[in-house]
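The values are calculated or read from the model by the stated rules, or taken from the named source; none is laboratory data. Quantities reported herein were computed from a predicted structural model and do not represent experimental measurements. As a convention, Cβ positions derive from the backbone with ideal geometry for all residues, glycine included, and neighbour counts pool all protein chains shown. Accessible surface is based on the protein model in full, side chains and every heavy atom, while ligands, DNA and RNA are left aside. Shrake-Rupley method; radii C 1.70, N 1.55, O 1.52, S 1.80 Å.
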Amino acid sequence: MKHCNHAGVTPAKVWLGLVGGALLPLAVCAGELGTPRDLTFTAKIDQTVQRYVLRLPPDFSAAESHHLMIALHGHGADRWQYATDKFGSAIAARKMAAKHGMIYVSPDYRAKTSWMGPKAEADMLQLIDILRDTYRIDRVFLVGESMGGSSVLTFTALHPDLVAGVCSCNGTANHLEYDHFQDAIRASFGGTKTEIPLEYKKRSAEYHPEAFTMPVAITAGGQDKSVPPDSVKRLAGILRKLDRKVLLILREEGGHSTTIDDATTALEFVIGHALGLVSAPPPEPVAEDGMLLYGRSPETLDAKGRVELGLRFSITKPGRINALRFYQARSETGSHTLRLWDSDGILQCSAEIPEKPGGGWRSVALPKPLGVRTGEMFTVSYTAGSHYVATEGVFPSPIVHDGIRREAGLYSFEDLGRLPSKIYKQMSYFVDVDYEPAVKSDDPERGTPK
């Protein structure tokens, strides 16, 4: 794998193997990124030597176009963290880059305490130009954790035209609010937030939601004390209101780290949507705007808890309920019984879904469709044995579509297997029904499945 030099770029160190007395590149295993190459360039902004690690994809061809993934390390680390270290988001990033045939780059960006100040920003711009001059680069994706998670949001906010998708793990979106590592941030930004507040605001993604037109995935821990999740939660909420493609994986009991599975899910979301690889699965109901359930996807994908979860809805046009469904969390196991209650809390019908591992929609058809009349109110619910999904702010007002009025997500930790009634933060727990309006205006004959 030959790396072509050009003006201002010098190979610094290449990991090589000794074969037959000659130094040759180490063999690349199928499906894995190539050998890490430690390279340098001279920064235009101050003439300092800056370093980055480059790994080429499996079956790399210089004649073909490749997407580029740039991975940004955390505070106190350097380029090697994402190039070779074995922690959650780094492993996931390398795996996803290899899977999608991407050129993979991990820069110092002014290690070890960058925080994406003006010089680090200039280095990133120059590095992207260098890589485009050297290779046939198609789209650019960013990923990072902690300081790197903050920095990918900052760079994307400043240069959205360069970024096809961004994945931020355990970062902050608000430097005016953030109060850790202030000595390093002051040195990077060129002053304190009191001295240069506009610079801190400029580098805070939360103040630039309009820039995030590309797919965005954010992972965060509810108990993270190093980089609290509040600002990225707000950013995700703003992007949802702007109908942007955004995924928030919030582990309420999690700390300052992201698992391989969560990082992989986040990167799959970003890359899949950016490259047009994601299509809506047919079982998912649509709202009036044509998007997925209520126009939302689950944001908290694996919340812990044994809890009864449901949806309260009413009928505005006569019709029938054909099936019951819920979105299963990835770590949830076992079979599930879905129940349909009337407004008096009387069980109208139930149906069991056999165990199936992994997350996603689970649906069960009723043995006989249940006829429903205008004005009737129901709740569909199930018991989550250990994990569930949720999204805040789905029901500030009822969602009405083609004969059904979805009113509120409900929960109960105390009365499992019974009608839930509690509401929290306008949540949806992604429980739903397959409702079919009647062809004629007459009310259907009421029928109860056996």
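Among 185, 91, 346, which one shows the biggest mean-square fluctuation in a GNM of the chain, springs joining Cα atoms closer than 10 Å? Answer for the Gaussian network model of the chain: 346.
Axis of helix 88-99 versus longest Cα principal axis of the chain: the two differ by about 80°, to the nearest ten degrees. When the surface is traced with a 1.4 Å probe over the full set of protein chains, residue 40 keeps roughly 10 Å² accessible. Comparing 93, 205, 438 in a Gaussian network model of the chain where C-alpha atoms under 10 Å apart are linked, the largest mean-square fluctuation is found at 438. Relative to the dominant Cα principal axis of the chain, helix 118-134 is inclined by about 80°.
Counting only heavy atoms of the protein chains and using a 1.4 Å probe, residue 407 has close to 40 Å² of accessible surface. Ranking 148, 158, 131 by Cα position along the charge dipole of segment 106-224, where only Lys, Arg, Asp and Glu carry charges on their C-beta atoms, puts 131 farthest toward the positive end.
Rounded to the nearest 5, what % of the DSSP beta bridges within the chain are antiparallel ones? Close to 75 percent. Of all lysines in the structure, the ones whose alpha carbon falls short of 25 Å from that of residue 368, not counting any fewer than 8 places away in one chain, are 317, 356, 440, 450. Starting from the Cα gyration tensor of segment 42-119, take the square roots of the eigenvalues, sort them a ≥ b ≥ c, and report rounded, prolate or oblate (rounded when a/c is under 1.5, otherwise prolate if a/b is larger than b/c, else oblate). Oblate, because a/c is 1.5 or more while a/b does not exceed b/c. About the centre of its Cα atoms, the chain shows a dipole size close to 460 debye [charges on the beta carbon of Lys, Arg (+1) and Asp, Glu (-1) only; nearest 20 debye]. With helices as the sole contributors, the chain gives -6000 deg cm²/dmol at 222 nm; each DSSP H run of n ≥ 4 counts as -39500 (n - 2.57), and the sum is divided by every residue.
Summary of packing: across the peptides 381-394, 415-428, the per-residue average of other C-beta atoms within 10 Å ranks them, highest first, as 381-394, 415-428. Of the GluC sites (Glu not before Pro) found in segment 147-216, those that fall in a DSSP loop while having at most 14 other beta-carbon atoms within 10 Å are 195.
Listed by chain and number, the lysines whose C-alpha is less than 18 Å from the C-alpha of residue 95, apart from same-chain residues fewer than 8 away, are 86.
For residue 122, neighbours were defined as the other residues whose beta-carbon sits under 10 Å from its Cβ, and their charges (Lys and Arg +1, Asp and Glu -1) total 0.
Share of carbon and sulfur in the accessible area of segment 61-164 stands at 44%, probe radius 1.4 Å. Residue 306 sits among other residues whose Cβ lies under 13 Å from its own Cβ, and their net charge, with Lys and Arg +1 and Asp and Glu -1, is -3. Per-residue packing, averaged as other Cβ atoms within 10 Å, sorts the ranges 162-169, 429-436 into the order 162-169, 429-436, beginning with the highest. Annotation: peptides 67-75, 321-329, ranked by per-residue average of other Cβ atoms within 10 Å with the highest first, follow the order 67-75, 321-329. Given springs between every Cα pair under 10 Å in a Gaussian network model of the chain, which of 201, 119, 44 has the largest fluctuation? Evaluated over the chain, the most mobile residue of the options is 44.
Per residue and in Å³, how big is the convex hull formed by the alpha-carbon atoms of segment 315-450?
107
Both radii are taken from the alpha-carbon atoms of the chain; with Rh as the Kirkwood radius, Rg/Rh is 1.06.
Rounded to the nearest 10 degrees, the inclination of helix 230-241 to the longest alpha-carbon principal axis of the chain is 60 degrees. Distant-in-sequence amide contacts of residue 34, defined by a placed amide H-H separation under 5 Å and a gap of 5 or more residues or a different chain, comprise 56. For the chain, the solvent-accessible area with a 1.4 angstrom probe is 43 square angstrom per residue. Listed by chain and number, the aspartates and glutamates placed with their C-alpha closer than 14 angstrom to that of residue 193 are 177, 179, 183; residues fewer than eight positions away on the same chain are left out.
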